[in-house]
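Please treat every number below as a calculation from the coordinates, not as lab data. Model, not experiment: these values are computed from the prediction. Please note: Cβ atoms are built from the backbone with ideal geometry, for glycine as well, and neighbour counts cover all protein chains shown.
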Amino acid sequence: MKLKITLLILTIHFAVGSFGQTSRQEVSGRVLSITDQTALNGATIILSDKPTVKVITNEKGDFNLRDREPIKSITVSCIGYKTQVLALMDTTKLPLEIYLAEETYEMEEVTVSTGYYDIPKERATGSFEKIDKELFNRRVSTDVLSRLDGVATGVLFDKRTATNVNIRGVGTIYGNTSPLIVLDNFPYEGDINNINPNDIEDITILKDAAAASIWGARASNGVIVINTKKAKQEGMMKVEVNSNVTLGRKPDVFYPSRISTANFIEVERMLFNEGFYKNQEIAYTNPVLSPVVELLIQHRDGALSSDNLEQKINRLKSLDVRNDFRDHWYQNSVNQQYALNLKGASVKNSYFLSGGYDHNVSDLESVFKRFNFRFNNTYRPIEGMELTAEMFYTRSSTDRGRDNHSSLNTASSGRTIHPYAQLMDADGNALAVNKDYRNSFKENMHQQGFLPWNYYPLDEYNHIDNRSFNTDILLNGALKYNLPLGFQLQLNYQHQRNHNNGEVLYGENSYYTRDLINRFTQLTPTFSTPIPYGAILNMNNGRNVTNNVRSQLNYNLSSGSHLLTALIGGEFRSNNYESNSARMYGYDPDVYTQIAVDYLTRFRQSNTNYISSAIIPQGLSRTGGTNRYVSYYFNGAYTYNGLYTFSASARKDGSNIFGVNTNQRVVPLYSLGASWLVSSEEFFKSTWLSLLKLRLTYGYNGNVDNTLSAFTTINYFNNANITGNRYANVVNPPNPSLRWEKTKVINAAVDFDVMKGRIGGSAEFYWKNGMDLIGYAPLDPTSGFFANSNFSFRGNVADMRGNGIELNLYSQNLQGALNWRTNWQLALVKNEVTQYFNLYVTGRNFVSSGLGISPLVGYPVHAVFTLPWAGLDPENGDPRGYLNGEVSKDYTAILNNTTIDELVYHGPGKPTTFGGIRNTFSWKQWSASFNITYQFGHYFVKPSLSYNSLFNAWDGHGEFKDRWQKSGDEQFTNVPSMIYPNNNNRDTFYQLSAVQVQKADHIRLQDVTLSYTFNGVRRGKLPFQLLELYAYANNIALLWKANKVNIDPAYGNSIPPGRTLAFGIRTNF
Amino acid sequence: MTSCNDYLDVKPSKSMTVPEKIKDLQALLDNTTYINQSSPISPELAADNFLVTDQVWNSTGLSVRNAYIWEKDVFNDFFLNDWSYPYVSVFYANLAKEGVEKLQGTSASQVELDFIKGQALFIRAYAFYQLAGVFTKPYNAHTASSDLGIPLRLVSDINEPTSRASVKETYDRIIADLKIAADLLPDKVTYATRASRAAAYALLARVYLSMAEYTEAARYADLYLDIKNVLLDFNELDAAKMVPFPIMHEEDVFHTCALTTGFITPSSGIVDPSLYSLYTADDLRRSLFFRIDADNKTVRFKGDYGGAASPMPYNGLATDEVYLIKAECAARLGEREKALSLLNTFRQKRYRTRINDGLVLESDQAVLSEVLLERRKELIGRGLRWFDFRRLNREQSTAVTLKRAVNGKEYVLPPGDNRYVFQIPLEVIASSGIPQNPY
């Protein structure tokens, strides 16, 4: 509904009521397009006051409408056109000629939802950002959330980290940083990827306290409210179909810099001459050696002539395993999506039915299938009562393909594949690659009856069947009943049940199975295989059940110039999860049989010359738990004269956060807000400023972390070392003063519009104060509390503050045959730690790449700190730093004694300025848009060379070729010289030094859309009302970056996704 | 609100719990990673059992390299090190002990409570003793009250400030706790990873020996041998095996391992040839403890006394050590016959039966030398050699100057050198402000 139209309706009704008298019971006419005067077929004409009486225009655009009562007003609508309402008077000439204008951008009357109530944006005091259907559907994707990337102001998607969505920057330090996701009325507990984007009507993002505090203790990180499509209250059955296919390019395996094969072999030869491998050659664990080292050993032992050695090494020098990864490991991805929905309504009943199917084949041959089904029905048995029932069903399956090539290892210590490995021979057969143990050892064991121990990376996934299935059922029931005096009772219940099960079948020929069987194979007293021949099957099952019950009383009073809305409610919410896993040995997938094994005996391991011992991995586990919440809430708003709105909300949350005193389990949170619609004031007579609204809010949101406890808590585990007994780890030290995190938010905003939609938007200013934030405080190791690989303590140790500006602007640059519209999003975000309980004085604990957290008072939560750099030593190419203000090479002392004050602060690690500019063009049936996104103001630490990983993990950065080699090189390079023996602290110092930091600013052309719309109605004869063909290209290009080291700062060290291109069709019947 | 509170009383995770039952406390003490695999490794690195070639030395990490040549910079490259790891077991022990205190006077079984408390006190004392051996001067009755000891953390409260006690306070605390533990613990237990009365006596004997209080050491060794005096008969072990000793065998009374390192794994450390030459052909340990590489030269240690239950070298308490403590004390206290008889019983199980006809020695000094030689040969790779240097260097007759050569450079460690006391990790000094050891 458009604001303008609504006003128009009111005006006309008013006009009709005052002057108009009509006695006509029949109206005829023709509906035409205002732009090209073509007839509009399929336009709907209804009686404005009796929507059940309606006709549809024929192919000439003609209609004829009759009723038994005099016709006062008709409403003419047609898809793609603005709806028009016409008042009829006896003087009106017939037949009518009705010209409909094509839909263009208008200031819409936007309704925003919080999950508890809907509110017209006009009366909202808080910060709500709405992503409407059109913007949401601009992008083609399987999932929902990624469609907000680059179009929602102040919402940052950081692809470098796992939990990557932040609304208005981080509001916590080590607490949960993910926004709350609400589907319709309730938090969505399942995998967000279960939701079919074709079921989504729109999304509202709640940013400040007034908008989000109704969600209380889970609102600190902002709330994303997803609204699904619902049946409308009018009209006959409508069918909508959408289908598309997305083609994606392989990732660029050459993107991460890597040492050249020739250089790598050079290093191996140097190490060999130094005797580096001697220790490994004789080690009882038979550690794997690379082919070059094996050749060098053969040569040393006289089994290979010098000529042959050089010849063989020269051949290896010409290889690069990345060619094989590119050609044989990856493929182009293909995602298909099909969606269909039906909706319709009668007087008492309306329904919505949808189905969706997605079929994605990834670049690693992983196959993802998802089937969605949804049914929504609203029944109005009596006046004032509405019953809604809804069901979502999602079934998805993933059949995993190959592993990511970068996760391949050749030793359990995390050694990568050597750069001259070959995965395939000229005839297309998979080749074996040295892994885990020396080939001579493997061969020797094979001779003694062991299974072949070769590893064929390219073939391995053919022997492993890794599938997972997910079933998600969501049932939702709601009752709304209107009580007298403007009260309404609302009851909601939601049940969500999610089951996931997976199985990994390691076939009997998989390396995994052969390796495990071999390791346990015993030679004495007789040859035996404690792990039986056959496949190994891992199974896991998980179940997650959530129940929500909510009862709410709504109140609505509209009297004269007073408008009062209020609601009060309470809810219970319980989430119960359980999972278990099991394993079978000697499994025969054909007949589902397995063989019992001895889990008690410690078997000596063949790969350690029968020195180390182990028990057979049992793979049995069971875990479970329950999260519970009880909440009470209130929300109210009062508007006077349509000009001034005051809002208030309060919420009290309780949870079963562990071991906390009852009074601390419950936290009260509230907000207050006010807005002033200046442009509607009598005195405000601006002709050009069509909207001016000021808003101000204040309040508190919370953040809960149920993993913490006020008491000492321990976690039970199975299989202690040595004994195999159960044992416990301490998770939390006692912390009687544990509290929930709170964020105070002040938001001030202005909404404006100039010349009726030509230019407009909103500007928001906010100040956030995080209090009692959960954080890690480092501890003196003497305390003995060791958890999460650190001597540190997690509790309410920090405060922070942040502020920012968000601009969301639009301009209609051209209007007419060619439309050109620009939308611009800009977010400025700043934050700093204001308090942090800290025992450490050593600077090293705060050296940070800015992706992690280095909580230093006065600096951003994500700050880039490094150790000062004094260049390379001109004598020998050693990296140099500072110790007590003097140039030093005492790396251990530098790492341990550098104080916090001596660190180099570069800047924030997360962008401080970011957003997007989207231009949309339309011309006749064509429409196109492109989105440019940008991030500025942050820094990153580039990957660099570590001689330790080069020597031990076969993994070296390409900057090896630029290393210092002779005096004078220090003028051109910062890469330290190679020394032997290596000094790990020298590597560490170099990697943590200031010389690694780069500016992360960049601009990218994110995506482009193009579409062509056939208006079936207008063209006549076509069997649809609307048909749209569209194309969408994503991840197009990095247009500009500040760094000169060939790194796309948006993706950091991981390979940026390849370009994708989608084609699709969308139609309505 | 009451029903609402009940609703919120459910615990969020099944595997997570507040340690308030006896089984929880036992589970904490059964955390073998922290309790049994957390002993310092530096005593073995700094002693003279193992030799490191330049190549191997060059290819290992900083702390290991530096501990080997008695250099200053150690324990600064890992969070879990010779200082912090034992303190983790102290934390677990304190938690368990406090758990017992909370359960006193409830329906919990007193026997079980005593068992937990005894284990906790033992584990704490074991960690304190190991720390004292690495980070304080050797016990000297004349200076012990002024020599800097270790921080004695007696409560689990992580906010408790860290300060160093004196060496006397440190040893007093260890002994007092062990005596209480010995009263509370059962004679024997199911798993050698748990403490028992026998283990407490063994540790008391060891502690008193290092304090040169031979009467007390002998007393506790006797008390131990009253409970447990069976020695493994090495004649019955198979020297052809890569790992000749079974896991948790009958001598193993408290099973602990030292942190793993680059060059002393349970079965591949290279042994000093002069050490190997001490073993005569009839000494069964010659083939049970060692193997010779294919080069016919390099001697490697394979005699991990814990049966290589983990990739970390065994350094726990075992009956053989108690036998030798008792024999040494007897020799030092002038009970020559007693010492000799113990020594012969011991040798019966270590030498080939047919030629093992018993030693006859005429002087106390000769008996002592023979006991110390057996001690030298028996306790390889168990971290005890370093402690022996620290105590035996006090007497001129047994004092040694250690020497090393790495990459052509010679390192010398004379008796009584400051370097017999390791440096405390810099991080600890920085965060607690306690005084560093002189270097």
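Observations, loosely collected:
- Of the residues A:Thr114, B:Ile380, A:Ala893, the one whose Cα sits farthest towards the positive end of the charge dipole of the protein assembly as shown is A:Thr114 (charges of +1 on Lys and Arg Cβ, -1 on Asp and Glu Cβ, taken about the Cα centre).
- Extension gain (nm, one decimal) between A:Arg68 and A:Phe1014, 0.36 nm per residue minus Cα-Cα: 336.9 nm
- For chain A, the longest principal axis of the Cα atoms and the long axis of helix A:261-274 meet at an angle of about 30 degrees.
- Model label points for A:Met539 and A:Arg622, set 7 angstrom from Cα along the Cα-to-Cβ axis, are 1.5 nm apart.
- Each Lys and Arg contributes +1 and each Asp and Glu -1, all at the Cβ; summed about the Cα centre of chain A, the dipole is approximately 2240 debye.
- Other protein chain Cβ atoms within 10 Å, averaged over every residue that makes up A:668-679: 0
- Dipole moment magnitude, nearest 20 debye, segment A:48-171 about Cα centre, only Lys, Arg, Asp, Glu C-beta charged: 300
- Relative contact order of segment B:80-185, defined on C-alpha pairs under 8 angstrom at six or more residues apart (%): 32
- Long pairs among B:Lys72/B:Lys409; B:Lys302/B:Lys338; A:Lys130/A:Lys343, criterion Cα-Cα beyond 21 Å: B:Lys302/B:Lys338; A:Lys130/A:Lys343
- Segment A:551-577 and segment A:327-403 have their alpha-carbon centroids 31 Å apart.
- Estimated FRET transfer efficiency when R0 is 25 angstrom, pair A:Gln25-A:Ser558 (beta carbons, to 0.05): 0.15
- Point-to-point label distance, A:Ser305-B:Ser397, nm (Cα→Cβ direction, 7 Å offset): 6.8
- Kyte-Doolittle at least -0.5, axis length at least 15 Å by Cα - qualifying DSSP helices, chain B: B:84-103, B:110-135, B:167-184, B:197-210, B:214-227, B:319-332
- Segment A:161-234: trypsin sites (Lys or Arg not before Pro) falling in loop per DSSP and having at most 14 other Cβ within 10 Å: A:Lys232
- Here the relative contact order of chain B, from alpha carbon pairs under 8 Å that lie six or more residues apart, stands at 18 percent.
- Most to least packed among A:132-140, B:128-136 [average Cβ atoms within 10 Å]: B:128-136, A:132-140
- Distance between the C-alpha centres of segment A:464-486 and segment B:381-439: 69 Å, rounded to the whole angstrom.
- Exposure proxy for A:Glu268, A:Glu902, A:Glu681, A:Glu26: other Cβ atoms within 10 Å of each Cβ, ordered fewest to most, give A:Glu26, A:Glu681, A:Glu902, A:Glu268.
- 10 Å Cβ neighbours from other chains, averaged over peptide B:74-84: 3
- Each 10 Å bin from zero holds the following percent of Cα-Cα pairs in the protein assembly as shown: 1, 7, 12, 17, 18, 15, 11, 8, 5, 3, 2, 1, 0, 0, 0.
- Relative to one another, the C-alpha centroids of segment B:182-258 and segment B:1-61 are positioned 23 Å apart.
- Loop-located trypsin sites (Lys or Arg not before Pro) in segment A:299-391, at most 10 other Cβ atoms within 10 Å (DSSP): A:Lys348
- Shielding value for B:91-100 is 3, the average number of Cβ atoms from other chains within 10 Å of each residue's Cβ.
- Taking every alpha-carbon pair under 8 Å whose residues sit at least 6 apart, chain A reaches a relative contact order of 10 percent.
- Take the Cα of B:Gln348, step 7 Å toward its Cβ, do the same at A:Phe1063, and the gap between the two points is 9.3 nm.
- Here's the picture: a label point sits 7 Å out from the Cα of A:Leu489 along the beta-carbon direction, and within segment A:359-397 the residues with their amide nitrogen under 19 Å of it are A:379-389.
- Positive-end residue of B:Val111, B:Leu223, B:His142, charge dipole of chain B with Cβ unit charges: B:His142
- Segments A:712-722, B:404-414, B:378-388 sorted - mean Cβ within 10 Å per residue, highest first: B:378-388, A:712-722, B:404-414
- Charge dipole (debye, nearest 20) of chain B; +1 at Cβ of Lys and Arg, -1 at Cβ of Asp and Glu: 460
- Computed from the C-beta positions of B:Val111 and B:Asp172, the FRET efficiency with R₀ = 30 Å rounds to 0.60.
- What the Cα convex hull of segment A:146-294 gives, in volume per residue, is 253 Å³.
- Förster-model FRET efficiency, 25 Å R0, B:Ser277 and B:Val406, C-beta, rounded to 0.05: 0.65
- Expected 222 nm ellipticity per residue - DSSP helices of 4 or more, -39500 (n - 2.57), all of chain A, to 500: -3000 deg cm²/dmol
- For segment A:26-33, backbone phi angles converted through the Karplus equation (6.51, -1.76, 1.60; θ = phi - 60°) give residue-by-residue couplings of 9, 10, 10, x, 9, 10, 10, 7 Hz, Gly and Pro being listed as x.
- Amide proton proximity set for A:Lys130, modelled H, under 5 Å, gap of 5+: A:Ile205
- Along the axis of the charge dipole computed for segment A:293-404 (Cβ charges of +1 for Lys and Arg, -1 for Asp and Glu, origin at the Cα centre), the listed residues A:Leu387, A:Leu340, A:Ser397 are led at the positive end by A:Leu387.
- Highest to lowest packing among A:941-953, A:1047-1059, scored as the average C-beta count within 10 Å: A:941-953, A:1047-1059
- Helix A:306-317 axis, angle to chain A major axis (alpha carbon atoms, nearest 10°): 10
- Remark on A:Tyr99: its backbone amide H falls under 5 Å from those of A:Leu32, a criterion applied only to residues 5 or more positions apart or on other chains, H modelled at 1.01 Å from N.
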